[in-house]
Structure formats: C-alpha cells, structure tokens
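First up is the structure itself, then whatever we jot down about it.
The values are calculated or read from the model by the stated rules, or taken from the named source; none is laboratory data. In this text, all values refer to a predicted model and were calculated from it rather than measured experimentally. Note that we place each Cβ from the backbone using ideal geometry, even for glycine, and neighbour counts take in every protein chain shown. For accessibility, only protein heavy atoms count, side chains too; no ligands or nucleic acids. Shrake-Rupley method; radii C 1.70, N 1.55, O 1.52, S 1.80 Å.
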Amino acid sequence: MKSGQASPAAAIGQIKRNWGLYLLLLPAVVLTLLFAYKPMYGVLIAFKNYSPALGIDGSPWAGFKYFDKFFNSYQFSNTIKNTLIISVYSLITFPIPIILALMVNQMRPNRFRRFFQTVSYMPHFISTVVMVGLMMILLSPSTGLVGNLYSLFGGEAPDLMGSTSLFSSVYVWSDVWQHVGWDSIIFIAALSSVDPSLYEAATVDGASRWNKVRYIDIPMLMPTAITLLILRVGGLLGVGFEKVYLMQNDLNITSSEILSTYVYKIGLLSSQYSFSSAINLFNTVINFILLIMVNQLSKKLSENSLW
C-alpha cells in the first residue's frame with residue numbers, strides 16, 4: 001500500500017469514532033442519491049422511441065436518431081446562438097458583485113453601510129413572476145415609466161420587451177439589478193476574513209486606499225472569484241428557463257428562444273419526450289465538458305481549481 005493511503009481498517013475505525021458526524025451526513029447522501037443519481041436512469045429516453053404506455057424498458061431503441069434530428073433542425077443554430085449570447089453577456093457582468101463587495105468593504109461599519117447592504121439584497125427575494133411583471137409595467141412604451149419619460153420630452157418610447165436586439169440586454173441587466181447584492185455576499189465574507197494586520201502594515205508603509213484594494217483585497221478575493229467563475233462557465237448553456245419564458249412574446253421570439261424553453265415546448269407541450277431528452281442531454285454534456293476544460297485551464301494558470 002502506498003504511503004499516505006489509509007488502510008480499510010483505519011477507514012472503518014475513523015467512521016466508528018465519528019459515527020455521529022456520518023449520521024448527520026446520511027440524510028444529505030440519501031437525498032442526493034434519490035433526487036440526483038436515481039433520475040439519471042431516465043437519460044435512456046434520449047436513445048429510445050419512448051412511449052409512456054411501454055415505459056423506459058419497454059420502449060424500442062432509437063440510437064442517435066433524436067440527436068441527429070436536433071442537429072439538422074432549423075432551431076439548432078438559433079437556440080444555440082441565443083443561449084450563448086445571453087450566457088456570455090451574463091458572464092461579462094461577473095465582476096460587478098466583486099466591485100460592489102470592494103465598495104462595501106471600504107465603507108465604515110455604520111447604519112448607512114447596513115442600510116446599503118439591505119437595499120442591495122432585497123431584490124433577490126422578488127419572485128421571477130413578480131420581477132417580470134414589474135419589468136412589463138415599467139418598460140411599457142405606452143403606460144410605463146419609460147413611456148412616460150419619453151412622452152415628457154416629446155419622443156416615442158421603444159418597445160423594449162418586444163425588441164429582438166435588446167432582449168439579451170433587458171434580461172441581463174435586470175438580472176444584475178436583482179442579484180448583484182446577493183452575489184456580493186460571498187465576496188464580502190471573504191474580505192471579512194482578511195487579517196487586519198495586513199492593512200495596518202500597509203498604512204505604516206504609506207499605502208493609499210487604492211493600493212490596499214489592489215494588493216490586499218483583490219488577491220484575497222481571487223481564489224473565491226476563480227472558483228465561482230469556473231462554476232459559471234460550467235453552466236454556460238444552462239440559462240434559466242423561467243425568466244426567459246415569461247419574457248417571451250411573438251415579437252422577440254427569434255432572439256429569446258433558448259435551449260431550456262425549446263426543451264419545455266418540445267417535451268411537455270408537444271409530448272416529444274425522447275426528442276426533448278436528447279436536447280437536454282446534449283446541453284448537459286457540453287456544460288460538463290466546459291467545466292472540465294475551464295477547471296484544467298485554471299489549474300495550469302493560477303493553481304486554483306475545483307479539484
């Protein structure tokens with residue numbers, strides 16, 4: 001046995017000594033097995049002509065028929081393009097919570113700082129349905145805030161919710177407004193763990209506030225930021241379904257049809273279960289490959305990685 005590897009007897013002994021901790025871990029393991037691993041059996045639907053009456057095992061095999069169908073469909077390039085546009089656009093806004101955390105960290109711990117943090121966190125708790133409803137009301141070209149501002153200056157307001165060219169901008173920046181405060185929490189927590197003696201030493205050396213941010217705060221945030229960035233890139237094709245679906249209409253459908261909404265319409269509305277499963281499996285495999293690639297790249301460049 002190689003040095004550093006625990007023997008089976010030692011492992012069993014460790015479990016016996018810490019049985020209470022493993023008992024606390026047991027419910028999480030059971031839930032993960034039941035709701036994350038067991039449903040993976042349903043992936044077989046993507047390779048079969050699935051019929052609810054025959055079940056997964058009784059349905060005949062179809063091979064890669066539905067993958068070929070998706071790759072050759074007119075929606076393939078459109079859904080991939082729209083998904084990538086929104087995902088990459090959202091990825092560009094990744095530094096905004098970091099900037100907010102750095103700003104909050106520079107504030108003195110007083111009532112204004114607590115008020116500022118509370119106000120920035122609150123939009124996160126607005127449900128997606130309510131959020132999209134607010135967007136429709138505020139961005140309405142006739143009765144909304146935008147429409148009234150344009151009419152005040154004698155202009156004609158654009159239909160932002162119906163624009164194909166502005167759909168991704170409306171989606172991304174409304175998402176930033178809603179979640180930037182909440183996303184900054186983990187960075188604020190990372191900054192709170194910085195040793196105060198580092199700031200004191202920098203002050204003695206004559207470092208300005210900007211230099212403290214540049215040489216102390218930002219390097220301390222890099223491991224956390226890189227880990228979250230890897231996870232974000234790993235879900236590049238996993239744009240959320242709910243908000244995009246609620247924002248869709250006949251005017252912006254060409255730029256708002258993404259993989260998740262297409263899977264919903266094909267699978268649940270059209271009952272093409274095998275076809276929708278094949279599309280979703282393709283999406284998952286691409287995300288998994290991206291996660292592995294970005295993690296390996298990060299390990300080589302910065303020595304920070306998920307594993």
Amide H within-cut-off set for LYS48, under 5 Å, with H built and near neighbours excluded: ALA62
Surface accessible to a 1.4 Å probe, TRP307 within the full protein complex, Å²: 140 Å²
Residue-normalised accessible area of region 198-242, given per residue in Å² at a 1.4 Å probe: 59 Å²
GNM result for the chain, Cα springs below 10 Å: residue of LEU237, LEU152, LEU34 fluctuating most strongly: LEU34
Accessible-area composition of the chain, carbon plus sulfur, in percent [1.4 Å probe]: 68 percent
Cα-centred dipole magnitude for the chain, charges only on beta-carbon of K, R (+1) and D, E (-1), debye, nearest 20: 840 debye
Mean residue ellipticity (222 nm) of the chain, computed from DSSP H runs ≥ 4 via -39,500 (n - 2.57), nearest 500: -19500 deg cm²/dmol
Distance between region 237-286 and region 125-161 - C-alpha centres, whole angstrom: 26 Å
Where the Cα pairs of the chain fall when distances are cut into 10 Å bins, in %: 5, 17, 23, 25, 19, 8, 2, 1, 0
Within the chain, longest stretch free of exposed GluC sites (Glu not before Pro) [DSSP loop, at most 16 other beta carbons within 10 Å]: 1-155
Restraint check, LYS38/LYS69; LYS243/LYS299; LYS81/LYS300; LYS81/LYS265, Cα-Cα greater than 23 Å: LYS38/LYS69; LYS243/LYS299; LYS81/LYS300
Percent of Cα-Cα distances greater than 21 Å, calculated over region 182-307: 60 percent
Which of VAL119, VAL244, VAL233 is most accessible, then next, and so on - probe 1.4 Å: VAL119, VAL233, VAL244
Of PHE153, PHE282, PHE112, the one that fluctuates the most in a GNM where the chain has Cα springs shorter than 10 Å: PHE153
